[in-house]
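This report refers to the structure that appears directly beneath it.
What follows is calculated from the coordinates using simple rules that are stated; it is not laboratory data. Everything numeric here is computed off the predicted structure, so don't read it as measured data. Glycine gets a Cβ as well: all are built from the backbone with ideal geometry, and neighbour counts include every protein chain shown.
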Amino acid sequence: MQPLVDLTTQRAGVNLYLKRDDLIHPTVSGNKWRKLKYILLDARQKGYNTLLTFGGARSNHLYAAAAAGALLGMRTIGFVRGEEYLEKSTETLDFCRAEGMQLYGISREKYKQRNTPRYLEELKGTFPTAYIIPEGGTTPFALPGVRELVMETETQLGFKPDYFAVAAGTGGTTAGLLTAKIPVLAFTALKGGGFLKQEILELADSLELENNLHLFTDYHFGGYARHTPELLAFMEEFELRHQILLEHVYTGKMLYGLYDLMNKGYFQKGETLVAIHTGGLQGRSHVF
Ligand SMILES: *Cc1c(COP(=O)(O)O)cnc(C)c1O
C-alpha cells in the first residue's frame, strides 16, 4: 500500500493509496495472480494437468498462465487471436513459448466463438484432458482471489476505504471487488465499454451490487490498447513523480481517469481511495 501525494490529491483533499499488486510476483503479476489462484486450485483439485486458455498476442493473461503453469508443472496450451501468430511472434508470445506453452494462432472469426457452448464442446473433444480457462481468467473462480485483495487492503489500512479504483477489461476483477460489497470505480480499457455493466453484475451474481458499481467508459483513448500523446504524457509525469511504472493498456488509463475525477471535484475531502496497480508491465516495452 503506497500513499500517493501530489498537487492533485492535496487539492482534492483525498487520501490516495496505490495497492501495488504489480509487485505480487515477477511473472504472474497483478490481477492475473489474484484471478488465477482459485482457478488453478480448482484445476488441480479436479486432477487436471493441462491448462488451455485464450488471449491476444500481447495478453497479460496468456503470459501469466504460461508462467503459472510452468511453475506448477502443468502443460499449457494458448489459443492466440489471429492466425498470423502461427508464425509471427511478439515478446509476450516468445515468453509463453519459452515457458513451454504450446501456441495456436486462430482466425479472428473462430476466436469470436471462444465462449460459445458449441465451440467449447468441440475443444473438449480435441483436448479431452485440458482444463479450459476463459479469456482473461474471468470465471466465477476468479472472484474469491480478488476478494482477498479487499480483505488484505482493509487489514493494511485498518479501515474500509471509501472507494477502490480499477481498470476493467473483461470486468472479472471489478466483479470480484464488488462481491466484497465495497464501492468500485471501474475504468473500461475498451471503446463502448457500457455493455460491461451487465456482464460484471451477472458475474458478481448480484444485481443488488449495482449501486456500488461506478463504471467510467470515456477514458479509452481510442480503444483497447490504443493510446494518445496526452495519455503517454500523463503516464510519464506520473512515473517520474512517483517512481512507479504504468502501462498504457490498463493502469495508465485508470489513473488518468481517477486523476481527472479528483481534479473535477468528484470526491469529498477526507475520503480514502485505493487504486489497484493490476500489473501488466510486461506489455509496456513496445510503447516506451
Ligand atoms: C487483464 C488486466 C486488467 C483487466 O482485468 P479484467 O479482470 O479483465 O477486467 C487490468 N489491468 C491489467 C494490468 C491487466 O493485465
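For this structure, a couple of remarks:
- Residue check, residue 41 within 20 Å of residue 147 (Cα to Cα), surrounded by fewer than 22 Cβ atoms within 10 Å (Cβ to Cβ) and either of a type in the set (D, E, K, R) or more than 14 Å from the chain's Cα centre (by Cα) (or both): yes
- Unique residue being more than 16 Å from the ligand (Cβ to nearest atom) and in contact with a helix residue (DSSP H, G or I) (Cβ under 6 Å, 6 or more places away or on another chain) when the list is 259, 219: 259
- Checking each residue in the range 215-233 for being assigned to a helix (DSSP H, G or I), of a type outside the set (D, E, K, R) and surrounded by fewer than 19 Cβ atoms within 10 Å (Cβ to Cβ) picks out 229, 232, 233.
- Any hit, the range 264-281, residues being surrounded by fewer than 21 Cβ atoms within 10 Å (Cβ to Cβ), hydroxyl-bearing (Ser, Thr, Tyr) and in a helix (DSSP H, G or I): no
- Enumeration of residues in the range 6-55 that are part of a strand (DSSP E or B) and either farther than 22 Å from residue 93 by Cβ or not hydroxyl-bearing (Ser, Thr, Tyr) (or both): 15, 16, 17, 18, 19, 51, 52, 54, 55
- Of the residues making up the range 16-28, one or more are more than 16 Å from the ligand (Cβ to nearest atom) and touching a residue at least 60 places away in the same chain (Cβ under 8 Å).
- Qualifying residue in the range 125-137 (condition: within 13 Å of the ligand (Cβ to nearest atom) and either surrounded by fewer than 22 Cβ atoms within 10 Å (Cβ to Cβ) or in a loop (DSSP other than H, G, I, E, B) (or both)): yes
- Test for residue 170: is it in a loop (DSSP other than H, G, I, E, B) and within 13 Å of the ligand (Cβ to nearest atom): yes
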